Amino acid sequence: MIVVDDQGYADFQPFKNHDTTVVTPNISKLANSGQIFTEAYTTAPVCSPSRAGILTGKNQFRWDKHASWGPGLPETVKTIPEYLKEVGYTTARIGKNDLGRNFHKYDTREYPLKHGYDEFVGFSAHAHDYWLLSKNIEEKTPDPKGTSALLGPLMHNEGTKSYEDGYLTDILTDEAIQYFKTSKDKPFFLTLAYNAVHHLIHEVPQKYLDKYKVKPISNYSPDSLMAYGKHKAGSYAAYYDKYSRAGAISASDLRGYYLANLNCLDDNIGRILVSLENEDLIKNTLIIFISDNGGSPLTGANNNPLTGGKYALWEGGIRVPLALSWPNKIAPGTVENAYVSATDILPTITQAAGITLRDSTLDGMSLLHPIKDRILVWKWKKTWAVRKGDWKLTNTNENHWKGEPTPLYIKPIVDNDALKLFNVKEDPGERKDLSSQYPEKVKALEADYNNWCQTNIGNY
């Protein structure tokens, strides 16, 4: 399972109407070898709750009634690797681990080794510096362990792993390739969770910067950094905050950095596919590719034709790229237009592994047999949404969190918490609010949402 971070909907080249500035031959090869889903949704518009939904097959607000950034992971909620370990799989997670609570801690349910993974190398936070991964920089930095502004060695099982040189996307790929070599003789489940294309988006190897004609920006150094905003001079938080939005980087240049970062990610996914071929695994491996939420308005991502982006329940925040590749099981070049959920990944994987599920509180259904006209619900802070058939009802508002969005961002038609009704099959950009024309549809969908919440929230 490959989970990428904040990829824009239009930045997925296998989609028919993708942004033509995007060239990702390896992601396209992966997707075109199997099935793509044009209407795939995550359970939240930000990373922590969304990843909880992927991991558990459940809407995370079942237990996190406030629908927060930090849902955590209850002991009573079973994960994909826990199911697979029971039937003999070895399991590993490489890269980002983020369930919104207990960052940087080992002895907690949220740490991968405590919820089903045998091996982990990566970080437990929203983000990590792409270049600064050494013990030396950690010791020199006054604030090395922020929830987003994080640098220094990666967590590795019960300890750490320091890298004096190297680029994080490359390093995560190296670790995955090594895992294939050592685990290929028995069933395995690998979650490869890249932090590309998340901030800090400008941190990319020089050859990609050259390709997209954007200038390098100096890496963080505690000795040379001035205070920024509320952050003290010399702090990594000051550096992260400075470059995590338009301002120090022009809004137009952010797109170039984003494309460079995406290009590097694509090359690394190509390395993964080559490794699977070299280890004679490609024909017998189910590969799932998904973005954890919509493209960020602050990085230069493109969600066209979808309104909004990360941080809000507009389509641009929750509709994402999703692909499955499974040779001899899924026909190449298949396109599925039924709407599906990231919660469907767990039932898909367990079905592939021959596991019978007996948990009636699962929200997911197998992607191998999508069901049309199901109810999907979302809850994010004080906003919510429900979809049934072609219709979506939501009270979401505009929310790009901090700073002005980049030019590719499609601004919502209104910015309020009133109920808004859209036919998202005909109008995926949510440009025509039909609530006044179809008041009975509004009532019915609102009742569907309320009934789901009354039945399912708070049973943990």
* Is there a residue being in contact with a helix residue (DSSP H, G or I) (Cβ under 6 Å, 6 or more places away or on another chain) and closer than 30 Å to Gly354 by Cα anywhere in the stretch 102-115? -> no
* Asked: Which one of the conditions (1) closer than 23 Å to Glu139 by Cα; (2) at pLDDT below 95 does Gly229 fail to meet, given that it meets all the rest?
  -> (1)
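Against the condition assigned to a loop (DSSP other than H, G, I, E, B), β-branched (Val, Ile, Thr) and either touching a residue at least 12 places away in the same chain (Cβ under 8 Å) or open to solvent by 50 Å² or more (accessible area, probe 1.4 Å) (or both), how does Thr147 come out, does it pass? Show your work before the answer.
Numbers: assigned to a loop (DSSP other than H, G, I, E, B): yes; β-branched (Val, Ile, Thr): yes; either touching a residue at least 12 places away in the same chain (Cβ under 8 Å) or open to solvent by 50 Å² or more (accessible area, probe 1.4 Å) (or both): yes.
For Thr147, the condition - assigned to a loop (DSSP other than H, G, I, E, B), β-branched (Val, Ile, Thr) and either touching a residue at least 12 places away in the same chain (Cβ under 8 Å) or open to solvent by 50 Å² or more (accessible area, probe 1.4 Å) (or both) - is met.
With the stretch 201-306 as the region, which helices (runs of 4 or more DSSP H) entirely inside it contain at least 2 residues that are of a type outside the set (Phe, Trp, Tyr), open to solvent by less than 40 Å² (accessible area, probe 1.4 Å) and within 24 Å of Val3 (Cα to Cα)? I'd like the intermediate steps shown before the answer.
Details: elements: 206-211, 236-243, 251-278.
Those helices (runs of 4 or more DSSP H) span 251-278.
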* Can you name the residue in the stretch 403-425 that is in a strand (DSSP E or B) and of a type outside the set (A, V, I, L, M, F, W, C) and, of all such residues, is surrounded by the fewest Cβ atoms within 10 Å (Cβ to Cβ)? -> Asn423
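Would you be able to tell me the number of residues in the stretch 317-333 that are farther than 13 Å from His369 by Cα, under 23 Å from the mean Cα position of the chain (by Cα) and not basic (Lys, Arg)? I'd like the intermediate steps shown before the answer.
Applying the first criterion (farther than 13 Å from His369 by Cα) to the stretch 317-333 yields 317-323, 325-328, 331-333.
Checking the rest, the ones that are also under 23 Å from the mean Cα position of the chain (by Cα) come to 317-323, 325-326.
Filter once more, so that each one left must be not basic (Lys, Arg): 317-318, 320-323, 325-326.
Total satisfying the criteria: 8.
Across the stretch 426-447, what is the total count of residues that are assigned to a helix (DSSP H, G or I), acidic (Asp, Glu) and surrounded by fewer than 16 Cβ atoms within 10 Å (Cβ to Cβ)? Please lay out each step first, then the result.
Quick first cut of the stretch 426-447, residues assigned to a helix (DSSP H, G or I) only: 439-447.
Narrowing further to those that are acidic (Asp, Glu): 440, 446.
Subset that is surrounded by fewer than 16 Cβ atoms within 10 Å (Cβ to Cβ): 440.
Going through the stretch 426-447 one residue at a time, the tally reaches 1.
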* To do: Of the conditions (1) farther than 30 Å from Pro187 by Cβ; (2) outside any loop (DSSP other than H, G, I, E, B); (3) open to solvent by 20 Å² or more (accessible area, probe 1.4 Å), Gln351 clears all except one; give me its number.
  => (1)
* Pick out the one residue from Lys78, Lys114, Lys96 that is open to solvent by 20 Å² or more (accessible area, probe 1.4 Å), within 27 Å of Asp170 (Cα to Cα) and of a type in the set (D, E, K, R). => Lys114
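I'd like the full set of residues that are within 22 Å of Gly100 (Cα to Cα) and assigned to a loop (DSSP other than H, G, I, E, B), limited to the stretch 381-402. First the steps, then the outcome.
Our first condition is that a residue be within 22 Å of Gly100 (Cα to Cα); within the stretch 381-402, this holds for 381-385, 396, 399-402.
Lys381, Lys382, Thr396, Asn399, His400, Trp401, Lys402, listed by residue number.
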* Structure fact -> Of (1) under 27 Å from Tyr240 (Cα atoms); (2) open to solvent by less than 30 Å² (accessible area, probe 1.4 Å), Lys381 fails just (2)
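How about the stretch 166-197: which of its residues are charged (D, E, K, R) and touching a residue at least 24 places away in the same chain (Cβ under 8 Å)?
Going through the stretch 166-197, the residues charged (D, E, K, R) turn out to be 170, 174-175, 181, 184-186.
Residues satisfying the conditions are Asp170, Glu175, Lys181, Lys184, Lys186.
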* Would you mind finding the one in Asp266, Asp292, Asp241, Asp280 that is modelled with pLDDT of 95 or more, out of contact with any helix residue (DSSP H, G or I) (no Cβ under 9 Å at 6 or more places or on another chain) and either more than 21 Å from Ile36 (Cβ to Cβ) or not aliphatic (A, V, I, L, M) (or both)? => Asp280
* Pairs, please: C-beta under 9 Å, at least 6 apart or cross-chain, first residue closer than 17 Å to Pro45 by Cβ and without any contact (Cβ under 8 Å) to a residue 40 or more places away in the chain and in the stretch 399-425, second among the aromatic types (Phe, Trp, Tyr) and open to solvent by less than 50 Å² (accessible area, probe 1.4 Å)? -> Phe422/Trp391
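Of all the residues that make up the stretch 329-376, how many are of a type in the set (Gly, Ala, Ser) and over 28 Å from Lys392 (Cβ atoms)? It would help to see each step written out before you state the result.
The initial filter retains those residues of the stretch 329-376 that are of a type in the set (Gly, Ala, Ser), namely 331, 333, 338, 341-342, 352-354, 360, 364, 366.
Narrowing the set further to residues that are over 28 Å from Lys392 (Cβ atoms) leaves 331, 333, 352-354.
Here the count works out to 5.
The values are calculated or read from the model by the stated rules, or taken from the named source; none is laboratory data. Please read all numbers here as calculations on a predicted model, not as lab measurements. With ideal geometry, Cβ positions are generated from the backbone for all residues, glycine too; neighbour counts draw on all protein chains shown. Side chains included, ligands, DNA and RNA excluded: accessible areas come from the protein's heavy atoms. Shrake-Rupley method; radii C 1.70, N 1.55, O 1.52, S 1.80 Å.
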